[in-house]
């Protein structure tokens, strides 16, 4: 079946959804950094008391803030997050992920249930893995490395 | 003694080894593109590089000015590493005052996985999806930097081929 057909038929919940790093607005950025490091995730999702996404704080924003004020890491996440938090429902077709990433130009997308409660995180990484899995015969056979092929190859 | 003239094939004896070759047919235009289009068909430029002896602070400012999230670090024209927002998160954020004046070469990710410009576009997807690197440097066959593939650029490539269906 073509990729587009699958993306329209399969649901976001079929993707490899990542566990999000969450915080409330009162959390200190230093603590958020430690959690992002430990989880190897490039953003913190700020949630309200009902666990609904209300904002986002990313590693790109962190870099910008550090240059302005290195002590920002001791300030509250809520003072520096962006209020928008691009999201898709877990019942949406996977194609919505592609559309949302392109239209909102965001690396990260919150995955929410029908009540708007945060259930996971997806985005470019999840989509790449999905496409690679779909075309595994092409993608999983590539010779990839960090040593130039010509230098490591013996003989003619 | 061997009669060398007897080893010369006559033109009538020649058989093209590819005469029965039939190119693979693909059901999906994206699959065809992944196999048949070079990695440079995914937009790989513009890219930004920085000298390995530049400071961490200089590298961070360059990322911000250009709205990029990854720099290619070069030495004598060759790729020696990458420095990205992830490096800032992992190695700089909590130690900023101690590390901001150090050379970027001390905090970059060394020996990054790269692809050659002659590789298929599937190779870039392999690096991202299988190996988990978000940015893929592209080199020419002389190992000079010619570009970088970002997730955003791969997404645009996917969209352009999915929409041609």
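Read the figures in this text as sums done on the coordinates, not as results from a lab. None of these values were measured; they are calculated from a predicted model. Every residue, glycine among them, receives a Cβ derived from its backbone with ideal geometry; neighbour counts consider all protein chains shown.
With just the Cα atoms defining each centre, how far is the stretch A:18-63 from the stretch B:92-158? Give it in Å.
Centre-to-centre (Cα) distance: 25 Å.
Antiparallel versus total DSSP beta bridges in the stretch A:3-135: what percent is that, nearest 5?
Bridges in the stretch A:3-135 are about 75 percent antiparallel.
If one puts a single equal scatterer on every Cα of chain A and applies the Debye formula without solvent, what log₁₀ I(q)/I(0) results at q = 0.09, 0.11 Å⁻¹?
Listed by q, the Debye log ratios stand at -0.38, -0.54.
Looking at chain A as a GNM with Cα springs under 10 Å, which of A:41, A:131, A:21 has the largest mean-square fluctuation?
Of A:41, A:131, A:21, the most mobile in the Gaussian network model is A:131.
Please compute P(r) over all alpha-carbon pairs of the stretch B:56-102, binned at 5 Å starting from zero, and give each bin as a whole-number percent.
All Cα pairs considered, the percentages come to 5, 21, 30, 26, 15, 3, 0.
Can you give me the three principal axis dimensions of the protein assembly as shown from its C-alpha atoms, in Å, biggest first?
So the extents along the principal axes, rounded to whole Å, are 91, 50, 27.
Given N residues in the stretch A:81-133, what is its alpha carbon radius of gyration divided by 2.2 N^0.38 Å?
The reported ratio for this selection is 1.08.
Averaged over its residues, how many other protein chain Cβ atoms are within 10 Å of peptide B:81-93's Cβ atoms?
Taking all residues of B:81-93 together, the mean is 5.
Over the Cα atoms, compute the radius of gyration (one decimal) and Dmax (the largest Cα-Cα distance, rounded to a whole number) for the stretch A:1-93, in Å.
Using the Cα atoms of the stretch A:1-93, the pair Rg, Dmax is 15.9, 53 Å.
Using Cα-Cα distances under 8 Å and only pairs 6 or more residues apart, what relative contact order does chain A have, in percent?
Answer for chain A is 26 percent.
By how many degrees, 0 to 90 and rounded to 10, does the Cα axis of helix B:151-162 deviate from the longest principal axis of chain B?
So the helix axis and the longest Cα principal axis differ by about 40 degrees.
Which whole number in µm²/s is D for the stretch B:16-165 by Stokes-Einstein, with the Kirkwood Rh taken over Cα pairs at 10 °C and 1.306 mPa s?
The estimated diffusion coefficient comes to 95 µm²/s.
Within a 10 angstrom radius of the beta carbon, how do A:73, B:148 rank from fewest other beta carbons to most?
A:73, B:148
Restricting to the stretch B:40-162, what percent of DSSP beta bridges are antiparallel, rounded to 5?
DSSP beta bridges in the stretch B:40-162 are roughly 75 percent antiparallel.
Out of the DSSP beta bridges found with both residues in the protein assembly as shown, what percent are antiparallel (nearest 5)?
So the antiparallel bridges amount to about 75 percent of the total.
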